[in-house]
1. Report every pair of residues separated by at least 6 positions or lying on different chains whose Cβ atoms are under 9 Å apart, first residue within the range B:300-313 and more than 10 Å from chain A (Cβ to nearest Cβ), second among the hydroxyl-bearing types (Ser, Thr, Tyr) and assigned to a helix (DSSP H, G or I).
2. Would you mind stating whether residue B:259 is within 14 Å of chain A (Cβ to nearest Cβ), surrounded by 19 or more Cβ atoms within 10 Å (Cβ to Cβ) and of a type in the set (Ser, Thr, Tyr)?
3. For the range A:44-73, give me the residue count where each residue is touching a residue at least 12 places away in the same chain (Cβ under 8 Å) and under 30 Å from residue A:22 (Cβ atoms).
4. Kindly provide the set of residues from the range B:347-392 that are surrounded by 13 or more Cβ atoms within 10 Å (Cβ to Cβ), of a type in the set (Ser, Thr, Tyr) and farther than 27 Å from residue B:141 by Cβ, ordered by number.
5. For residue B:210, state whether it is under 22 Å from the mean Cα position of the chain (by Cα), at pLDDT 95 or above and within 14 Å of chain A (Cβ to nearest Cβ).
6. Does the range B:338-371 hold any residues that are of a type in the set (A, V, I, L, M), farther than 11 Å from residue B:178 by Cα and touching a residue at least 24 places away in the same chain (Cβ under 8 Å), and which are they?
7. Any idea which of (1) exposed (fewer than 14 other Cβ atoms within 10 Å of the Cβ); (2) within 14 Å of the chain's Cα centre (by Cα); (3) free of Cβ contacts under 8 Å to residues at least 24 places away in the same chain is the one residue A:41 doesn't satisfy?
8. Tell me the residue from B:29, B:96, B:2 that is within 20 Å of residue B:237 (Cα to Cα), charged (D, E, K, R) and touching a residue at least 40 places away in the same chain (Cβ under 8 Å), please.
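The values are calculated or read from the model by the stated rules, or taken from the named source; none is laboratory data. All values derive from a computational prediction rather than experimental measurement. So basically every Cβ, Gly included, is an ideal-geometry build from the backbone, and we count neighbours across all protein chains shown.
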Amino acid sequence: MKKIEAIIRKSKYSAVRNALHDVGVNFFSYWDVTGLGNEKEGHIYRGVSYSTSDIQRRYISIVVNDDFEATTIKAILDSAVTGDVGDGKIFVSDVQQCYRIRTGEKGGNTLK
Amino acid sequence: MELLTINNVWMMICTALVFFMHLGFAFLEIGLTRQKNTINILFKNIFIITVGLLLYALVGFNLMYPGEFNGFLGFAGFGLESPLTTQGALDLTYNEGYTYWTDFLFQGMFAATAATIVSGAVAERIKIFPFMIFVVLYVGFIYPIAGSWKWGGGFLQELETPFYDFAGSTLVHSVGGWAALVAVCLLGSRIGKFKNGKIQAIPGHNIPLATAGVLILWLGWFGFNGGSVLSADPGLTSLTLVTTCLAAAAGGVVAAVVSYLRYKNLDLTMFLNGILGGLVGITAGADQMSPTDAIIIGAIAGAIIVLAVSLIDRLKLDDPVGAIAVHLVCGIWGTLAVGIFGELASGAQFVSQLIGVVSYAVICIVSSFIILYTLKKTVGIRVSEKEELEGLDGFEHGMDAYPDFRLNEH
């Protein structure tokens, strides 16, 4: 099992969600995050310009069986891209075990 | 009697509108400052309107309208005492425009405004108790004494060409503005406003609230200027409302355009300050101007706002909400404009306006300096660095304006 975590533009969230559904990924969690990155946003307040590198993104966390890894990543890569700096990152890591709380069963079947 | 009833109703509506301006000031000030100081600012504003009104009842009204006096300082005694007829009823011949009670309350609403102006300029760093002491002295004594010079029939009213200030560009707005300037100089700037000599932006935390504040202030100005006619005179009140609104609109538009030309940015906060600049600018002569005059006065005030905000920044003075630019600089402009535009325009009038501006500069700068400098040298007027960094709300009040949601047991 793999955990796939993606940091994406908020504006791309619905495209990514639909792409994931299309390839059969129906369970995931997400939350809004603020972070630092290469992108700088210019602002002007009362005649004084300033820039901030604090940027708002959406963080998606997906756990899939190994055979879903490649299609899930491709779905995100294709749907979250704009080509500009700041499109985000995908992290992949191994997951040791997974349990379904309702039944107590464990293993890859719990993700289906 | 019928006429008095109509006049009095209009004056009470205006009183309510001026009261509403305190909400506008509160919204504007918290909108343009940081979240961590919100409770502190609201506390100051609520303190000003409550204590200000009580002080005005106790001493202010009778300092400001002492009747016959030497022109500089008079006092008609403590408290309110309604004039009675021989039968013991309220004497309705007190004035053809309003009753004694309406007179007091309308003027009382004005009095608190002057200190509210200071509150915005010193936001996010002043200690609350010294500020309260300052408010008591300034609203209780300085504002009404200064006001008596003109509205109480004092020496500025007795000039050969009387000084003219219809609704208080000088008597209210500059009186607050001068004290704001002195306070900002004595307090110093907020931590982080100037880094290595460079001006830094400290954005306000709630621009929608600031916008609501400005629109509420604009509405309040219908009463501020409309009520300063001191009756429901149909010609004058409707003209005054027209000049007031046109100046506000022109001020906003010109401030937005000038700030766009200077900074290549559509800055809403400058747009908002421009509206207030136009309102303050027209206040001295709102009943004397044609609609065209009003637009010109408002437009110039709008341009002044953008330049003054930038100048005040460059002088290393930190005024989080632009109170000095709006109330002092545009207050002076509006006062002088009475000598340049409108029915009263003349060289002699301009000189009288200048005498008025200088007189108020002297009393306000001297008195607020004495009060604030004494407080600075005795109890201190600035919060500790730690308190300023972490926010005044937690230290002075032990509260958050927007408490984080906590996990509840469902």
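1. B:305/B:259
2. yes
3. The qualifying residues number 17.
4. Within the range B:347-392, none qualify.
5. So residue B:210 fits the description; yes.
6. B:338, B:344, B:348, B:351, B:355, B:371
7. Unmet condition: (2).
8. B:96
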